[in-house]
Amino acid sequence: MLVKDIMNTNVKVATLATPIRDIAVIMCFNKISGVPIVNDSDEIIGIISEKDVLNSMYPKVDEYMQIGSYDFEQLENGYTDILNLQVKDIMKPGLFTVSPEEPILKIGRAHV
C-alpha cells in the first residue's frame, strides 16, 4: 500500500498570520490534530499541531517541578492571550514530507 492510497487531499491550511484561535476552531470542527502552514505561493512551509497549541497553554513539567505548584486560574486568564497569537508565534520549525508513491511500511519503519 502506498501513501497515496490513504492520504487525504482535501486539506485545511493556514498561513503564518492565522490566529491560534482560528487554528483551534479548524482542528475542532474538522476533527484533525494538525494544520499545514502555507506561504503566499501555497507551498507547505510547516505544520502546526494540537500539541503545539496545548504546549503553549500549559506549563512544562520541569517548570511545574521547580515551582512546586501552579495557579491554574491565572493560567486560564492567559488563554485569551495565547489564542490571539498567530501561527508564527508558536509553530515549531521543521517539516517531514514523503512522496505519495512511498510504501506505507517503508515510511513507518524509517521514521519511528
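Every read-out reported here was derived from the displayed coordinates using simple, explicitly stated rules and does not represent laboratory data. The shown structure was predicted, so the numbers you read here are calculated from the model rather than taken from an experiment.
Across the range 34-43, computed HN-Hα scalar couplings (Karplus, 6.51 cos²θ - 1.76 cosθ + 1.60, θ = phi - 60°) run x, 9, x, 9, 10, 8, 5, 9, 6, 8 Hz from first to last residue, x flagging Gly and Pro.
Under a 5 Å amide H cut-off, with hydrogens placed 1.01 Å from N, Ile47 pairs with Ile37 among residues at least 5 apart or on other chains. Taking 0.36 nm per residue of sequence separation and removing the Cα-Cα distance, the Ser99/Cys28 pair yields an extension gain of 22.8 nm.
Among the listed pairs Lys31/Lys51; Lys31/Lys92; Lys4/Lys31, which are separated by more than 19 Å between their Cα atoms?
Values: Lys31/Lys51 14 Å; Lys31/Lys92 21 Å; Lys4/Lys31 21 Å.
In this structure, Lys31/Lys92; Lys4/Lys31 lie more than 19 Å apart at Cα.
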